[in-house]
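Chemist: Quick one: the structure is below, questions incoming.
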Amino acid sequence: MKIGYRTIKTAVGTPIAISIAQFLGLENHVTAGILTMLCIQPSRKQSVVSAWDRFLASIIASLFSFFFFELFGYNTIILGIMLAFFIPTTVMLNVTQGITTSSVIIINLYSAQHIDYPFLFNQFMLIFVGIGVGLLVNLYMPSLDRSLKAKQKELEHYFQVILFEIALYIRNKNMDWDGKELVSAKELLEETLDLAELDRENHMLRSEHTYYEYFTMRHKQFILLEKMLPLVTKLPNQDTVSEQIADFFEKLSEAVHPGNTAIVYLNELERLREEFLNEELPETQEEFTTRANLFRLLHEIEDYLLIKKRFKKSDLSFPKRVKKTGQS
């Protein structure tokens, strides 16, 4: 059985919060531990946002409780009326994450059957200790670099296979490929985008989030690859044009990695486009349709390469692959 980091943080932070509350002589010291448990989040950003929401909601809950209970009495009807005003207030202030946490404070105040300033101060200290410990414990986040690097390599392998299989199909109408790399790449992209977003939230002070930008770029390219597949099936059987397109896709398949010299392939693509424009004009409806599909395909390839060209080169590049003449 694998124990996650959030479980470990909860196991460490909860007793620390309770111990601090006990040391300070606070009543209902267990509440501090409950608040800490509720504040453990998957990322630093979520932790900070959650801490602020819970802190503000808890302060509002204390003020609402003091006003309603002391003015109208301590009974379940007043409790319900107070919640009917309190919950919409948290929604209006966009601090709904704090509803659960503040409910703990409300129950404490309701159970006391009397609220004075020392007791309110006690609740404030419980809030400060519980949320503060949760925030501090959650500042430690394990590095995701190794996992993201491994997924990057895996995704690039899928891209290489997809591009190579496209080349094979164009060249000899090879039908042996089952397309499993397309499904695997799509699933991996969904997984890695979530993981990269988590990594971005763990580095709030960074101006650039390379892995997030990288996998976002690959996701856009993948959408274009899906658009290309129907177009390549409409290319004519073996001829000069098809052979050149097949060669181009094969070159792309050999150059899938993080480095960025897409301009090399954009220049070659422009040369191909000029050659195709100099071909004789289509004479039949079928030839005209084929020519139109060809230029649509060239347009999709161009967009594919432009997406990579706009991607900033970073330390994601692998030293062993620097000698490649181009990347896509």
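Chemist: Which residues, taken from the range 254-298, are open to solvent by 30 Å² or more (accessible area, probe 1.4 Å), within 30 Å of ALA150 (Cβ to Cβ), modelled with pLDDT of 70 or more and in a loop (DSSP other than H, G, I, E, B)?
Modeler: Matches in the range 254-298: GLU254 only.
Chemist: Something else: Which of the residues that make up the range 207-220 are surrounded by fewer than 20 Cβ atoms within 10 Å (Cβ to Cβ) and in contact with a helix residue (DSSP H, G or I) (Cβ under 8 Å, 6 or more places away or on another chain)?
Modeler: Of everything in the range 207-220, those that are surrounded by fewer than 20 Cβ atoms within 10 Å (Cβ to Cβ) and in contact with a helix residue (DSSP H, G or I) (Cβ under 8 Å, 6 or more places away or on another chain) turn out to be HIS209, THR216, MET217, HIS219, LYS220.
Chemist: Can I ask one more? Has the range 127-144 got any residue that is within 17 Å of the chain's Cα centre (by Cα) and free of Cβ contacts under 8 Å to residues at least 40 places away in the same chain?
Modeler: yes
Chemist: What number goes with the only condition from (1) open to solvent by less than 40 Å² (accessible area, probe 1.4 Å); (2) within 20 Å of ILE223 (Cβ to Cβ); (3) in contact (Cβ under 8 Å) with a residue 40 or more places away in the chain that GLN160 does not pass?
Modeler: (1)
Chemist: Right, something else. For the range 72-92, check the following and say yes or no: at least one residue is within 22 Å of LEU136 (Cα to Cα) and either surrounded by 18 or more Cβ atoms within 10 Å (Cβ to Cβ) or touching a residue at least 40 places away in the same chain (Cβ under 8 Å) (or both).
Modeler: Checked against the condition, which is being within 22 Å of LEU136 (Cα to Cα) and either surrounded by 18 or more Cβ atoms within 10 Å (Cβ to Cβ) or touching a residue at least 40 places away in the same chain (Cβ under 8 Å) (or both), the range 72-92 yields no hits at all.
Chemist: In the range 109-124, is there at least one residue being within 36 Å of the chain's Cα centre (by Cα), of a type in the set (S, T, N, Q), surrounded by fewer than 19 Cβ atoms within 10 Å (Cβ to Cβ) and in a helix (DSSP H, G or I)?
Modeler: No, because not a single residue in the range 109-124 is within 36 Å of the chain's Cα centre (by Cα), of a type in the set (S, T, N, Q), surrounded by fewer than 19 Cβ atoms within 10 Å (Cβ to Cβ) and in a helix (DSSP H, G or I).
Chemist: Out of curiosity, is VAL129 among the aliphatic types (A, V, I, L, M), more than 26 Å from TRP52 (Cβ to Cβ) and part of a helix (DSSP H, G or I)?
Modeler: When the stated conditions are applied, VAL129 does not pass them.
Chemist: Let me spell it out: the conditions are (1) part of a helix (DSSP H, G or I); (2) open to solvent by less than 10 Å² (accessible area, probe 1.4 Å), and VAL95 meets all of them except one. Which number is the exception?
Modeler: (1)
Chemist: Moving on. In the range 1-42, which residues are modelled with pLDDT under 85, open to solvent by 80 Å² or more (accessible area, probe 1.4 Å) and either touching a His at 6+ places or on another chain (Cβ under 7 Å) or closer than 22 Å to GLY98 by Cβ (or both)?
Modeler: Once the filter is applied, which keeps residues that are modelled with pLDDT under 85, open to solvent by 80 Å² or more (accessible area, probe 1.4 Å) and either touching a His at 6+ places or on another chain (Cβ under 7 Å) or closer than 22 Å to GLY98 by Cβ (or both), the range 1-42 yields only ARG6.
Chemist: On to the next question. Given the structure, is LEU225 farther than 14 Å from MET141 by Cβ and modelled with pLDDT under 95?
Modeler: Considered against the rule, which asks whether it is farther than 14 Å from MET141 by Cβ and modelled with pLDDT under 95, LEU225 comes out as yes.
Chemist: Exactly one of these conditions fails for VAL137: (1) modelled with pLDDT of 90 or more; (2) crowded, with 18+ Cβ neighbours inside 10 Å; (3) over 30 Å from PHE72 (Cβ atoms). Give me its number.
Modeler: Result: VAL137 passes all but (1).
Chemist: Take the range 300-328 and flag every residue that is modelled with pLDDT of 55 or more, part of a helix (DSSP H, G or I) and either small (Gly, Ala, Ser) or open to solvent by less than 90 Å² (accessible area, probe 1.4 Å) (or both).
Modeler: GLU300, ILE301, GLU302, ASP303, TYR304, LEU305, LEU306, ILE307, LYS308
The values are calculated or read from the model by the stated rules, or taken from the named source; none is laboratory data. Predicted model only: the values in this text are computed from it and were never measured. All Cβ positions, glycine included, derive from the backbone under ideal geometry; neighbour counts span all protein chains shown. Quick note on the areas: whole protein, heavy atoms, side chains included, nothing else; ligands and nucleic acids left out. Shrake-Rupley method; radii C 1.70, N 1.55, O 1.52, S 1.80 Å.
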